[in-house]
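J.: Sharing a structure below in structure tokens format, with a few things to ask.
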Amino acid sequence: MKIVLDSNILFSAMISGKDVYLDIFRASEIYVPDFIFAELSKYQEEIIKRTKLKEQFASFVRDLFSEITVIPNRKVMKKLRNYAET
């Protein structure tokens, strides 16, 4: 299954630290737009403060991102325009 995530879902996964997110990510094709990194940078301190994983946080996030395909924003916008026109 192909899934496009917005930042809220990704950040929730990061904060929760639950392995179920890794299972879902591994069983699916996960895509995020590249501007998610700007949002991640903006909220990084809040995410780290709220995470349930303290010592394992970096490892968990690395595992999540290893299952994600980043799509350039211009491609996302083009797809949205195509859907809007049909």
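J.: Please specify each residue of the range 28-57 satisfying the condition of being over 26 Å from Asn73 (Cβ atoms) and either in contact (Cβ under 8 Å) with a residue 40 or more places away in the chain or of a type outside the set (Val, Ile, Thr) (or both).
T.: Lys49, Arg50, Lys52, Leu53, Lys54, Glu55, Gln56, Phe57
J.: Please note which helices (runs of 4 or more DSSP H) are completely contained in the chain and include at least 2 residues that are at pLDDT below 90, surrounded by 10 or more Cβ atoms within 10 Å (Cβ to Cβ) and touching a strand residue (DSSP E or B) at 6+ places or on another chain (Cβ under 8 Å).
T.: It comes to 73-85.
The values are calculated or read from the model by the stated rules, or taken from the named source; none is laboratory data. Everything numeric here is computed off the predicted structure, so don't read it as measured data. Here the Cβ is made from the backbone with ideal geometry for all residues, glycine too, and neighbour counts use every protein chain on show.
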